[in-house]
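Before any comments, here is the structure.
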Amino acid sequence: MSSVAKAFSDGGVITWRNLKNVQRNPDWLMAATLQPIMFVLLFAYVFGDAIGGEAGGLAYREFLIAGIFAQTVAFNSAFTVIGFANDLQKGIIDRFRSLPISRLAVIFGRTTSDLVISVVALVVMSLCGLLVGWRIRGSFLDAVLGYLVMLMFAWALSWVGAWIGLVARSVEVAQSAGLMWMFPLSFISTAFVPADKLPGVLKAIADWNPFTAVINSARDLFGNRFGVAPTGWPAEHASLYAILCCIAIIAIFAPLATAQYKKVASR
């Protein structure tokens, strides 16, 4: 068996192992879905009229859902962070090192299992969105592409989470580090407000923010645009820019995570 085939095969075993852990600890899955539902209800019914206006309340809910999708899959990368930190602290990584498995398989298995959690979270959030009035206005193929862009973004950020989890010295540090960088990136974006409502500097940051690219791509594909149509290259080529951002994130953090795993595994 080639090294690549072995990495995929071993990664599948690790993926199954991680999913069994989720089955034994269903609170992980609850955490991945309850917080986004809370954000949907909060922004849709508490802030929705203020942002979208009385006539735009329903339109704002459709606008909101893509932002919640992106925030949900991004925050799920914290499970990757905590999972690796927990395995390091409990000595599980040392046990993996003693087995004849590919080193890449451990990271690949973790990121893939967390991708499955993101799939479940997106299903739950889609149902929640339908209940508050969200609808997909685009074609079936466009909708599938919108979900695929979201999942690609989720998998890309899980590599960031893998690196942070392997760098963190403890589970407590990992919990803080895994979420600390998420809040500014997710809120300085078009997740909750249109780009034209942001002040100058924040608008410039939001325009090139990968979160915004993924959100705008999903809105284009779902047919959920709201307010003034955004301008500029990132907004006009949202799907292309979102995919390029995902590829860049993976290209940077996959080697970093793999190198860090080799470092901690050799201690």
May I ask you to give the average projected area over all directions of the convex hull of the Cα atoms of the chain, in nm² rounded to one decimal? 14.7
For the range 199-215, take each phi angle, set θ = phi - 60°, evaluate the Karplus expression 6.51 cos²θ - 1.76 cosθ + 1.60, and give the result in whole Hz per residue in order, putting x for glycine and proline. x, x, 5, 5, 5, 5, 5, 4, 4, 9, 5, x, 4, 4, 4, 5, 5
Could you order Lys203, Lys197 so the one with the most accessible surface comes first? Probe is 1.4 Å. Lys197, Lys203
Springs between alpha-carbon pairs under 10 angstrom, Gaussian network model over the chain: which of Met152, Met180, Met125 fluctuates most? Met180
Where does helix 77-90 land angle-wise versus the long Cα axis of the chain, in degrees 0 to 90, nearest 10? 20
Candidate residues Trp16, Trp208, Trp233, Trp181: accessible-area rank, largest first, probe 1.4 Å: Trp16, Trp208, Trp233, Trp181
Of the accessible area of the chain, with the probe set at 1.4 angstrom, what percent is carbon plus sulfur? 69
Below 21 Å, Cα to Cα, which lysines can Lys262 reach? Residues fewer than 8 away in the same chain don't count. Lys6, Lys90
When all protein chains stay in place, what accessible area (Å², nearest 10, 1.4 Å probe) is found for Ile117? 10
Once the Cα atoms of helix 171-180 and of the chain are each reduced to a long axis, what angle between those two axes, in degrees from 0 to 90 to the nearest 10, is obtained? 30
How far, in nm, would the chain grow between Ile205 and Val123 when pulled straight, counting 0.36 nm per residue and subtracting the alpha carbon separation? 26.5 nm
Grab the Cα-Cα distance for Leu19 and Lys6, subtract it from 0.36 nm times how many residues apart they are, and report the gain in nm with one decimal. 2.7 nm
Surface accessible to a 1.4 Å probe, per residue, for the residues of the chain, Å²: 46
Using R₀ = 41 Å, calculate the FRET efficiency as 1/(1 + (r/R₀)^6) where r is the Cβ-Cβ separation of Glu236 and Met180; round to 0.05. 0.80
Between the modelled labels at Lys263 and Ser98 (7 Å from Cα along Cα→Cβ) the distance in nm is 2.5
Which value, in Å² and to the nearest 10, is the accessible area of Phe183 when all protein chains are kept and the probe is 1.4 Å? 90
Stretchable slack from Leu42 to Ile247, in nm (0.36 nm times residue separation minus alpha-carbon distance): 70.5 nm
Ordering Tyr261, Tyr241 from largest to smallest accessible area (1.4 angstrom probe), what's the sequence? Tyr241, Tyr261
Solvent-accessible surface (1.4 angstrom probe) belonging to Leu141, in square angstrom, nearest 10: 110
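The values are calculated or read from the model by the stated rules, or taken from the named source; none is laboratory data. Predicted model, so just to flag it, every value in this text is computed and none were measured. Because the Cβ atoms are built from the backbone with ideal geometry, glycine has one as well, and the counts that use them run over all protein chains shown. What goes into the accessible areas is simple: the full protein's heavy atoms, side chains included, and nothing from ligands, DNA or RNA. Shrake-Rupley method; radii C 1.70, N 1.55, O 1.52, S 1.80 Å.
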